[in-house]
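Here the structure comes first, spelled out in C-alpha cells, and everything after it is commentary.
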Amino acid sequence: QVQLVESGGGLVRPGGSLTLSCAASRSGAGFDAMGWHRQAPGKERELVAMITRGGITNYADSAKGRFTISRAHDKNTVYLQMNSLKPEDTAVYYCNAESMIGVLFWGQGTQVTVSS
C-alpha cells in the first residue's frame, strides 16, 4: 500500500521561507509525476507545482519565481521550497503522486500559515 507523508508545514511570517517534503512509502521509481496541490479555506484544491520522473517542472502562475519543486535522485521524495511567502499562500498543502498506470495517490496534507 502506497503512503505519501508530508512534513515541513508551519507558521511563517510574510516574506519568509518554508520547505515542504513528501516521502513515499515505497520506491518512487513506480511514479511518473509527483507534485503539490493546495487548498485554502472555502476554495477549490489547486495545483501548485509538479515534476515528472524526468525532471520536467510545471508551476502555477502564483508560484512562479517564488517556489521551487525538486525530486530526490531515488525518486522517493519530492520537495517544495517556498520563498517570499504571502498570506494568500495559506492553505493545506497536499503531496500527490501518479503511477505509470495512472493511479493517483494523495498525502494527508500539511498546514502552511503565512501571517504576521
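The values are calculated or read from the model by the stated rules, or taken from the named source; none is laboratory data. None of these values were measured; they are calculated from a predicted model. All Cβ positions, even for glycine, are placed from backbone atoms using ideal geometry, and neighbour counts span all protein chains on display. The protein model used for the area step is the full one, side chains on, heavy atoms only, and it has no ligands, DNA or RNA in it. Shrake-Rupley method; radii C 1.70, N 1.55, O 1.52, S 1.80 Å.
Taking the range 84-108 as the range and being open to solvent by 50 Å² or more (accessible area, probe 1.4 Å) and over 18 Å from R45 (Cα atoms) as the test, the residues that pass are S84, M100, I101, V103.
One residue stands out among those in the range 1-51 that are of a type in the set (D, E) and open to solvent by 60 Å² or more (accessible area, probe 1.4 Å): the one that is nearest to M82 (Cα to Cα), which is E46. Taking the range 30-116 and the strands (runs of 3 or more DSSP E) fully enclosed by it, the elements with 2 or more residues that are in contact (Cβ under 8 Å) with a residue 24 or more places away in the chain are at 31-39, 46-51, 67-71, 77-82, 91-99, 104-106, 110-114. Flag: P14 does not match the condition of being modelled with pLDDT under 95 and within 20 Å of S116 (Cβ to Cβ).
For the range 71-78, the count of residues that are surrounded by 14 or more Cβ atoms within 10 Å (Cβ to Cβ), at negative phi and in contact with a Cys (Cβ under 7 Å, 6 or more places away or on another chain) is nonzero.
Taken over the range 52-70, the criterion of being out of contact with any Asp or Glu (no Cβ under 7 Å at 6 or more places or on another chain) and surrounded by 13 or more Cβ atoms within 10 Å (Cβ to Cβ) is satisfied by T57, N58, Y59, S62, A63, R66, F67, T68, I69, S70. Just a yes or no: is a residue in the range 65-72 modelled with pLDDT of 95 or more, aromatic (F, W, Y) and out of contact with any Leu (no Cβ under 7 Å at 6 or more places or on another chain)? Looking through the range 65-72, none of the residues is modelled with pLDDT of 95 or more, aromatic (F, W, Y) and out of contact with any Leu (no Cβ under 7 Å at 6 or more places or on another chain). Of the numbered criteria (1) in contact (Cβ under 8 Å) with a residue 12 or more places away in the chain; (2) at negative phi, the one G10 fails is (2).
Determine which single condition Q111 fails, assuming it passes every other condition in (1) at pLDDT 95 or above; (2) surrounded by fewer than 16 Cβ atoms within 10 Å (Cβ to Cβ); (3) over 18 Å from S7 (Cβ atoms). Unmet for Q111, out of (1) at pLDDT 95 or above; (2) surrounded by fewer than 16 Cβ atoms within 10 Å (Cβ to Cβ); (3) over 18 Å from S7 (Cβ atoms): (3).
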